[in-house]
Amino acid sequence: MDKLLIEGGVRLSGETAISGAKNAALPILCAALLTREPVTFTNVPQLNDIGTLLKLLAQMGVKVSRGSGSDAGTVTLDASALDNPVAPYEMVKTMRASILVLGPLVARCGEAKVSLPGGCAIGARPVDQHIKGLQAMGAQVTVEHGYVHAVVPRLKGARLFTDMVTVTGTENLMMAACLADGETVIENAAREPEVVDLANCLVAMGARISGAGTDVIRIRGVEQLSGTTHRIMPDRIETGTYLCAAAASGGEIRLTRTSTAYLDSVIDKLMDAGCEVISERDAIRLKAPARLTSVSIRTSPYPAFPTDMQAQFMAINAVANGTAIIRETIFENRFMHAVELQRLGADIRIDGNMAVVQGVSQLQGATVMATDLRASASLVIAGLVAEGETVIERIYHLDRGYERLEEKLAALGARVRRLA
Ligand code: EPZ
């Protein structure tokens, strides 16, 4: 199992490019199931999660073609021969977001059999809202032997209200509604930018959607959708992760092919911590102070502070001046990075969904273990600023969501290498 060896103590400097957003690409690739025509996507990040999804789509009968070399970020999907609306457990268990094929398959084929994703390290991750919405649109849904089985000749437009804000729940139901008979209204919809990117792609395919980015999305069903070419938006969480790495190391970096758009809550907190953040048209520059000031955060749905940046902010607070309170309100078990950060010398006390982080002047390198995608990112940040060497084990978690991580960190001056 690969490990990452980081030699700490380097102030990051230089420039690197941000990739396409994993959490936009995953639902958007599934949207190709909704049409018989080929759909081309550009700026698709080369990540393990993307590879897993493309394998899943291929076993359903979708023709997958990928560019190579400088065109590696281009993917064309042709679902004209889609003949197997099944997502088996063996493939879904490695990537929960596979649940995003459920809505498109029911809408296109009138049937879908999708393995329940099951939980993951950060929580139980139920999909009851996805199921409730499809049932409200007329699907007969049974959950048996670990599979969601949905059947309906044609979905009917309905008024849907999710019990909580759910990103993939909103995305699944929005995709399903595109081919339904009549109008669907999703209330309490997720407002994340990735939902908007998906809506923009669907509209380019001929869908009739309004309100994406607000908490009420209206979709008027059409008979069929057509192909299009869509560029995946930049990854705001990857962007925020590198900004945190530079902030914690006292460095000065420039990130290209991205912007501060959709990161207001994160940028605000980095500025409160003492960073200077300069926004350019297609880039961001950050200049960190010698030592950060502690900043408290509370995760909430967009546009508030994103849960996917919580672990990274625990890491930067671990070496900041002062005490920070971190509240995690989205997932029930998203503090597993805390015990690993404590191995590096961090002073963190967990009390339910609250973490109290007392900044220390110096972390000490050690061997630590990644437990989930964003937790691993927080360990990388801590390793970059710890004294001596840090070895991070089980970094397959990182490979799921950060494209060419060592290469990008090395471009910023970090001393990092992968150990087989
Ligand atoms: C998406 O997960 C993201 N993944 C997550 O990113 C992100 O952390 C999360 O949204 C919150 O922003 C993708 O987009 C692929 P939710 P999702 O449904 O959609 C509960 C990363 O690191 N809930 O918004 O699965 C749920 O348990 C990943 O890139 C139900 O109870 O999250 C959670 O407590 C991690 N029933 C809350 O709602 C449901 O049917 C929000 O979950 C659905 C959700």
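Read the figures in this text as sums done on the coordinates, not as results from a lab. This is a predicted model, so every value here is computed, not measured. Because the Cβ atoms are built from the backbone with ideal geometry, glycine has one as well, and the counts that use them run over all protein chains shown.
Tabulated values for the structure
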{"read-out": "Neighbour net charge for Y302 - beta-carbon separation under 11 angstrom, K R +1, D E -1", "value": "-3"}
{"read-out": "Length-normalised contact order of the stretch 1-93 in % [C-alpha pairs under 8 Å, at least 6 apart]", "value": "28 percent"}
{"read-out": "Relative pair counts by distance (%), Cα atoms of the stretch 1-102, 10 Å bins", "value": "13, 41, 27, 12, 6, 1"}
{"read-out": "Using a Förster distance of 25 Å, the FRET efficiency for T42-D83 (Cβ separation, nearest 0.05)", "value": "0.35"}
{"read-out": "14 Å beta-carbon shell around M354, net charge (K/R +1, D/E -1)", "value": "+1"}
{"read-out": "For Q312, net neighbour charge (Lys/Arg +1, Asp/Glu -1) across residues whose Cβ lies under 11 Å away", "value": "0"}
{"read-out": "Anisotropy class of the stretch 212-363 from Cα gyration tensor, a/c 1.5 cut", "value": "oblate"}
{"read-out": "Label zone at R125 (point 7 Å along Cα-to-Cβ), backbone N below 17 Å, the stretch 172-216", "value": "172"}
{"read-out": "In Å, descending, principal axis extents of the Cα set of the stretch 331-420", "value": "37, 29, 21"}
{"read-out": "Taking the stretch 1-155 and dividing mean pair separation by its residue count, relative contact order in percent (alpha carbons under 8 Å, at least six apart)", "value": "18 percent"}
{"read-out": "Förster-model FRET efficiency, 25 Å R0, R417 and I278, C-beta, rounded to 0.05", "value": "0.20"}
{"read-out": "Inverse mean reciprocal Cα-Cα distance (Kirkwood Rh) of the stretch 157-220, Å", "value": "11.1 Å"}
{"read-out": "D_trans [Stokes-Einstein, Kirkwood Rh over alpha-carbon pairs] for the stretch 246-335, 4 °C, 1.567 mPa s, µm² s⁻¹", "value": "96 µm²/s"}
{"read-out": "Rg over Rh, two decimals, the chain (C-alpha only, Kirkwood Rh)", "value": "0.98"}
{"read-out": "Pairwise label distance in nanometres, T323 with D181, each label 7 Å out on the Cα-Cβ vector", "value": "6.3 nm"}
{"read-out": "Normalised contact order of the chain, rounded percent, pairs of Cα under 8 Å and 6 or more residues apart", "value": "21 percent"}
